[in-house]
Amino acid sequence: MHHFNYRDDELHCEEVPLARIADEVGTPVYVYSQATLVRHYHAFDQAFEGLDHLVCYSVKACSNISLIRLFSDLGGGSDIVSGGELFRALRAGVPASRIVYSGVGKTPDEIRQALDADILMFNVESPQELTTLNRIASDLGRTARIALRVNPDVDAKTHPYISTGLKKNKFGIAHENALAEYRRAMSLPGLEVVGIDCHIGSQLTEVGPFVDAVGRLKDLLDALRTEGMAIRYLDLGGGLGITYEAEEPPQPAEYAGAVREALAGLDVTLILEPGRVIVGNAAVFLTRVLYTKQTELKRFVIVDGAMNDLLRPTLYGSFHGIEPVRRKEGPRARVDVVGPICETGDFLARDRDLPGVEAGDLLAVMSAGAYGFSMSSNYNSRRKAAEVLVNGRGFHVIRRREIYEDLLRGEEIPAHIERGG
Ligand code: LLP
């Protein structure tokens, strides 16, 4: 359920016509619905009611500080994977006691930054990281609360680029080596073992793999407790999928029900790291048609948004619905919706049946909230799009469109080149 609907044939976000946002802010632009964000957060959080749990919103899905702040105000924390995301979360006002940090390549600086902030937990992904974390924490006279990110070797049955819980993936510590690494962690003075973590992948459309993962972690948890380790947290990562086209992922309540059952009787605080399921369907990417072009083989709709703005179709072959902002009747034509970038891979949709689209029309690329803006780049020296948050009848620019000077920020011409030698 989201708040993007037609009224009098005009696509609205909540009470605001998208055409008004395009007129006032320009295109391309990401438009988020606050009511949808809040609704999705609550649906997820409330599904776990009665279980001791903490929802740590996965900042990478959409990193705008307004969204991070919104979820923090609703009682959530943040799941981060870099020093930059830690900076954002802290700047947004998330209490450090609600921040968990995953990632296979945490740098010493990032580790120091997170220790200084005193975050809730590091999800450690390799034996060498464990050693480094211990050394840095000891040098700083601190103790790092840790979980090991365990790779349970379960198949998430999702796109190979976003499957993370298989033996062949770079993530986590193999399930069979986890006990030995936990024992080592216990012996290291700079570390306090407090949890177990896993994240098996993203855009999962079945509960089975989650249940399998919990089963494997539960055995490990029993073993760790038998050895006297005080495991307080079980972090299940994120990964619950959404409907882009015809997928029928479990609803949060079904997911929570399955997890609840699998966890039965375990005395732990559950940590969840949802990203996509909260923000995915809470935004559209709004773009304007520049030209249409009929070639011998195809009809192209050339828009002002491109793969630098929304990479998912290009990178994963992902489907995003495309809706005309002003509803049109009449025959549909099969088109490719493409951007201005100099690559054949620059498309938002291929072989899509759209009603007669013309230059000047606005199109809404649906379900663009997760991994949309956050994966955007400046390729072709395109300025990053604006982001707008709609709240009822009003809207706010929560990130202004970049200006040309932003493109050059930090660049300089060294003197020897400037002199012409
Ligand atoms: N926790 C960890 C450790 C993660 O690596 C991720 C996502 C999440 C939580 C959140 O997962 P979610 O609930 O959003 O599925 N760019 C890809 C998705 C990459 C996901 C990376 N990790 C896409 O556009 O589909």
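The values are calculated or read from the model by the stated rules, or taken from the named source; none is laboratory data. Being a predicted model, the structure only gives us computed values, none of them experimental. With ideal geometry, Cβ positions are generated from the backbone for all residues, glycine too; neighbour counts draw on all protein chains shown. The accessibility values were calculated without ligands, DNA or RNA, using every heavy atom of the protein model including side chains. Shrake-Rupley method; radii C 1.70, N 1.55, O 1.52, S 1.80 Å.
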Residues satisfying the stated conditions in the range 329-375, i.e. assigned to a loop (DSSP other than H, G, I, E, B), crowded, with 23+ Cβ neighbours inside 10 Å and in contact (Cβ under 8 Å) with a residue 60 or more places away in the chain: Ser367, Ala368, Gly369, Ala370, Tyr371, Gly372
Among residues of the range 278-315 being open to solvent by 50 Å² or more (accessible area, probe 1.4 Å) and touching a helix residue (DSSP H, G or I) at 6+ places or on another chain (Cβ under 9 Å), the residue farthest from Glu402 (Cα to Cα) is Leu315
Can you tell me which of Val150, Val194, Val154 is in contact with a Cys (Cβ under 6 Å, 6 or more places away or on another chain), open to solvent by less than 40 Å² (accessible area, probe 1.4 Å), aliphatic (A, V, I, L, M) and closer than 18 Å to Asn123 by Cβ? Val150
Return a yes/no flag: does the range 195-206 have any residue that is of a type in the set (A, V, I, L, M), in a loop (DSSP other than H, G, I, E, B), out of contact with any strand residue (DSSP E or B) (no Cβ under 7 Å at 6 or more places or on another chain) and more than 12 Å from the ligand (Cβ to nearest atom). no
Determine which member of the set Val94, Val31 is away from the ligand (no atom under 15 Å from the Cβ), buried (at least 24 other Cβ atoms within 10 Å of the Cβ), not in a strand (DSSP E or B) and not small (Gly, Ala, Ser). Val94
Positions within the range 35-62 being farther than 30 Å from Ile231 by Cα and either more than 17 Å from the chain's Cα centre (by Cα) or surrounded by fewer than 20 Cβ atoms within 10 Å (Cβ to Cβ) (or both), in sequence order: Ala35, Val38, Arg39
From the list Val365, Val335, which residue is under 22 Å from the mean Cα position of the chain (by Cα) and either in the same structural domain as Asp309 (by TED's automatic domain parsing) or closer than 30 Å to Asp9 by Cβ (or both)? Val365
